[in-house]
Structures are given as C-alpha cells and as structure tokens.
C-alpha cells in the first residue's frame with residue numbers, strides 16, 4: 001500500500017464520513033481509493049468541480065457535525081485557502097492533506113517541502129492557526145491521520161497533514177488499527193435542524209464593536225493550549241551532539257541515514273525531528289541550543305522551517321541551512337558531507 | 001377582532017436591516033411561511049450568502065450557515081450528500097450566484113444536487129455599494145458603469161436561469177417577481193413547489209429566481225422600483241417556468 005492509499009484507509013478507520021476532492025498529481029491515489037472504499041462503507045465520496053468547491057463541500061459537511069476531509073497538492077491547496085480561513089473563523093473541524101509538489105506556480109510534480117510557510121502561517125487571510133503534521137514514514141502518516149481527526153474535533157479547527165510526493169508514493173509495511181480516541185466534546189453546535197431546540201448558526205462574520213476581537217482572543221487562547229499540549233517531535237542523541245540536524249518529513253528520513261553515517265565515522269551528531277510543524281517544538285530546540293552546538297537545518301526548499309529553528313535557537317548557537325528546492329532530493333552522502341564540513345571531522349585518537 | 005395576517009413563527013419578531021422598499025424582507029417571509037406550512041423547521045438547514053442577505057439567519061429561525069461568496073451550492077452539496085433526510089436551501093443574490101459563484105451553481109445543477117436555491121436578482125451588487133452585476137441591465141447606471149452598462153464593454157445581462165434550465169440535473173426552474181400582490185403570490189407558490197420537490201426526494205436541483213427591487217441603487221422610489229421590474233427587467237428576464 002502506498003502512502004496515499006494508506007492515509008486514505010487511515011481516514012476511513014478514523015471515522016471519516018465524507019471525502020471531497022479534485023484531481024491533482026501526486027496525490028491521485030487518494031481519491032481513487034476513496035471512490036472505491038467510501039461507498040463500500042456507506043459513506044460519501046464526491047469528485048468536486050474544483051478545489052474551491054471541494055473545501056466548501058468539506059465546510060458544509062463539517063457544519064452538520066460529520067467528519068470530513070479533502071486532499072490535494074500545492075497549487076490546489078492554494079485554492080483551498082479561502083475555505084481554510086472560513087473553517088478557522090467558523091470554528092469548524094476538517095482534515096486537509098497536502099501532498100506537496102514543487103512550486104511556485106504550476107512548478108512540477110516532484111516531491112518538495114515548499115509549502116511549509118503556507119501551511120504553518122495560516123495560508124489564508126486573517127488571524128488564525130492550523131495544526132500541521134509533517135510525518136516522515138507511511139506508518140507515521142497513518143498515525144497522524146487518526147490523530148488529525150481527533151484534534152480537529154477537539155479544538156474545532158482545520159488540521160493539515162503535510163506530506164510530499166515521495167511519502168505519497170512510497171510503500172512500507174504498516175499497521176492500521178483503531179486506537180482508543182480522545183474524549184471529545186459533543187457537537188452541540190452542529191446544524192442538524194432546529195428540532196425542539198433554538199436555531200444553531202455557523203458563521204464567521206462578526207460586525208459588532210469588539211465582537212471579532214473577542215473571538216480572535218478566544219482562538220488565541222485555544223492556540224496557546226495547543227502549543228502547550230500537542231507538540232510532537234523526535235530527538236536522537238541530542239545531549240552529547242556537537243551538531244544537531246533539524247528536518248521533517250521525507251527530508252528527515254534522509255537526514256537519519258546521514259547522521260548514522262556521521263556517528264559511524266566518529267562525529268557526535270544527533271537530530272531533532274518535528275512531527276507537528278505547528279505547534280513547532282520550540283522548547284525542545286531552544287533547550288538543545290542551551291549547550292553550544294551547531295544546528296543544521298535540512299529542507300527540500302530554499303529555507304522555510306529554518307526560520308522557526310532560528311527563532312527557537314534565538315542566537316544561542318549557529319544555525320546553518322542546507323536546502324534543495326524545486327523537486328531536488330538530497331542524498332545521504334550529500335548531507336553527510338555538509339555535516340563533516342561543519343564539524344571538526346572524525347575524532348582521531350592519539 | 002379577527003386576525004387576518006400575522007407573523008409566521010419561522011420569521012423572527014424583529015426589524016430587518018434592509019433599506020426601505022427592498023425585496024429581501026418579502027422573500028424572507030415567503031420562505032418562512034413555506035417552512036411553517038410544510039412543517040419542516042426541525043429538519044431544514046439554510047445557507048446565507050455574502051451580500052445584503054448575509055445576516056438572513058437573524059431573521060429566519062432555522063439552523064443556518066454563512067458561507068464564502070458564491071460557494072453556497074458547494075456547501076449545500078456537502079450538507080445534502082451527508083444528510084439526505086435534511087432539507088437544504090441556499091439564499092443567494094445575483095452577485096453571489098451569477099458572478100463569483102457561477103461555477104458552483106452550474107456544477108451543483110449539473111450534478112443534480114437535491115437542493116433548493118432561492119436566487120434573488122436585483123440587477124446590482126447591493127451590499128458593496130451598487131456596482132454592476134452580471135445581471136445588470138443594458139444602460140443601467142451603477143457605481144462601476146457610471147455611463148450605463150454597454151454591451152460592447154461589459155457584455156449582456158446574464159440569464160442564469162435559462163442557462164441552468166438546459167441541464168438535465170435541474171428539475172425545476174422558475175422566474176418570479178416581487179413587483180405586486182399577484183407576483184408575490186406566484187413567487188410564494190414557486191418557492192413552496194421547489195421545497196415540496198426536495199421533500200418528495202425528486203432527483204435534481206430546484207431553483208426559483210426572484211426579480212427583486214433595489215430602490216437604493218436603482219436610484220428610484222420604492223414604487224418606481226416595483227414598476228421598473230415590470231417595465232424593464234421582465235423584458236430581459238421574462239417570468240415563467242423554464243424547466244419542470
């Protein structure tokens with residue numbers, strides 16, 4: 001099962017009621033899989049006329065209390081940003097998968113990590129946040145999908161799973177099983193028909209003086225809770241490291257090989273791998289920067305997450321960037337060479 | 001004393017923000033009456049557009065959502081596909097439906113979504129200050145056609161209902177008006193029929209276009225605006241059943 005199919009099945013196991021999507025490479029296996037599997041489960045699959053329509057179909061389904069998702073790739077995700085902003089404003093849960101490709105513009109269909117800014121900075125207009133996962137294996141992609149639906153419902157906001165062309169196409173053995181989910185609040189806000197109750201209204205327009213400011217502050221408090229409670233990251237041999245490589249997603253898989261090679265050569269290297277990109281593991285990176293060491297950030301872009309690393313390091317240690325944009329994929333040896341150049345090289349015994 | 005005319009329960013007991021002589025208030029009432037007569041308040045979900053009617057949920061006492069400009073048919077699609085037992089209607093103006101949302105209404109009709117659309121055509125963008133809409137009449141002066149709409153420059157008024165009536169996915173399309181008592185009664189009949197079709201489970205989209213006065217941006221008195229619908233608008237937007 002390739003990553004795209006695995007994440008689709010994970011969504012079904014997680015209780016996704018409806019999938020809406022529009023074709024775009026490199027994520028077409030998701031809609032093909034959903035077109036077959038969702039009707040088998042008695043759930044909704046619909047190919048929309050555009051990404052704009054897809055995200056708005058998600059908006060409608062979600063407003064009625066259903067678990068809804070869509071998936072796309074970079075140019076399509078740009079079109080969905082209108083809906084992302086409205087989901088955030090209307091406090092509606094949704095899961096959106098971005099299997100990133102090269103950009104800007106039509107770019108290419110090669111794997112990329114060029115949408116980090118768009119994903120973690122909101123992407124659409126207004127003062128809001130989106131929870132963003134950056135999984136680096138097919139199993140983690142599956143696990144993130146399950147968690148994404150729960151977090152979306154818990155915090156009533158859109159959650160994005162940020163994959164890339166390699167992860168979507170890669171095949172790995174996986175286990176998909178329904179784990180006990182979170183204790184989620186009842187969706188008393190859902191539009192189900194005002195039968196023996198007062199009307200429910202789902203909206204994002206607040207014209208009264210100070211009303212929108214109050215909503216923004218309510219969202220801010222919620223985002224602070226998320227920053228406190230939902231950070232996920234993996235650390236490897238950071239305490240003794242003279243160089244810490246920071247990478248996420250498929251770039252982190254390559255970094256993993258490079259760090260192991262460096263350690264075999266006697267270089268004290270470790271890694272920090274953010275799994276949630278927002279909330280970013282700021283504390284973990286900051287703590288690692290307390291002991292002076294070199295931070296190397298590796299991305300398949302010309303440097304986006306590196307800004308979050310610099311903010312976390314806050315001048316306490318040097319932060320070096322190495323990137324391959326536009327569909328370029330670094331090799332293990334390429335990153336190993338950078339690690340070697342940035343350190344004193346293998347320790348020689350006298 | 002005998003009460004011969006009263007507020008219908010689904011219409012909230014409050015003044016609206018609409019301008020004097022605006023048609024939205026009448027259209028709201030017709031929808032509220034329909035919902036009450038068909039006894040579907042408990043399973044109806046309404047969709048408010050971007051435009052003058054964005055606050056429709058302040059006046060219609062049913063579950064409602066406010067959506068991005070023009071996207072109501074897509075939102076309605078998501079709702080209805082997940083909740084076939086609910087009655088889903090969108091309430092959209094001509095800027096919303098015929099301009100920015102032309103793609104969404106076309107494809108909802110094309111797919112035959114089982115939803116009801118109330119399309120208020122007042123030939124102008126109201127909320128933003130009276131700019132030209134696709135439905136603006138030739139020679140009509142608006143904020144963005146100060147010398148009047150010219151076909152060579154801005155194209156002809158867009159007849160969306162005629163366009164939609166060509167689609168097999170639509171089951172009922174009728175154009176009505178709010179220009180007098182008889183016209184209002186016809187509009188009520190059409191709205192009720194559109195809802196009844198959805199309740200019956202008929203396979204397809206039903207749409208009622210309502211020619212509605214906007215005295216403010218037509219720069220007329222309310223009475224003149226009513227007359228202008230009959231003397232001018234119906235020439236380009238003829239009343240009657242276009243499909244079903």
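Details
- Our note on the geometry: Cα centres of the stretch B:94-158 and the stretch A:210-261, 47 Å apart.
- Rounded, prolate or oblate (a/c below 1.5 giving rounded, otherwise prolate when a/b exceeds b/c) for chain B by Cα gyration tensor: oblate
- Between helix A:249-264 and chain A: long-axis angle, C-alpha atoms, 0 to 90°, nearest 10: 20
- Compared with the direct C-alpha span, the chain from residue A:35 to residue A:302 gains 92.5 nm at full extension, assuming 0.36 nm per residue.
- Helix-only CD estimate at 222 nm, as mean residue ellipticity for the protein assembly as shown, using -39500 (n - 2.57) per DSSP H run (n ≥ 4): -11000 deg cm²/dmol
- Prolate/oblate/rounded label for the stretch A:3-229 (Cα gyration tensor, a/c 1.5): prolate
- For the Cα trace of the stretch B:1-57, dividing Rg by the Kirkwood Rh returns an Rg/Rh value of 0.99.
- Beta bridge orientation in chain A: antiparallel %, DSSP, nearest 5: 20
- Within a Gaussian network of chain B (alpha carbon springs, distance under 10 Å), most fluctuating of B:111, B:153, B:81: B:153
- Prolate/oblate/rounded label for the stretch A:41-148 (Cα gyration tensor, a/c 1.5): rounded
- Inter-part distance, the stretch B:10-72 to the stretch A:278-350, computed on C-alpha centroids, equals 56 Å.
- The separation of the stretch A:120-169 from the stretch A:15-91, counted between C-alpha centres, amounts to 14 Å.
- Efficiency of FRET between residue A:183 and residue A:227 - r from beta-carbon atoms, R0 35 angstrom, step 0.05: 0.95
- For the pair residue A:265 and residue A:106 in one chain, pulling the backbone fully straight at 0.36 nm per residue adds 53.1 nm over the alpha carbon distance.
- C-alpha long axis of helix A:138-155 to longest principal axis of chain A, angle in °: 50
- As a length-normalised measure over Cα pairs under 8 Å and 6 or more apart, the relative contact order of chain A settles at 17 percent.
- Result for chain B in a Gaussian network model with C-alpha springs under 10 Å: among B:22, B:214, B:176, the largest mean-square fluctuation is at B:22.
- Beta bridges by DSSP in the protein assembly as shown, antiparallel share as percent, to the nearest 5: 20
Quick note: the coordinates plus some simple rules give every number you see, no bench work behind them. Computed from a predicted structure; not experimentally measured. All Cβ positions, glycine included, derive from the backbone under ideal geometry; neighbour counts span all protein chains shown.
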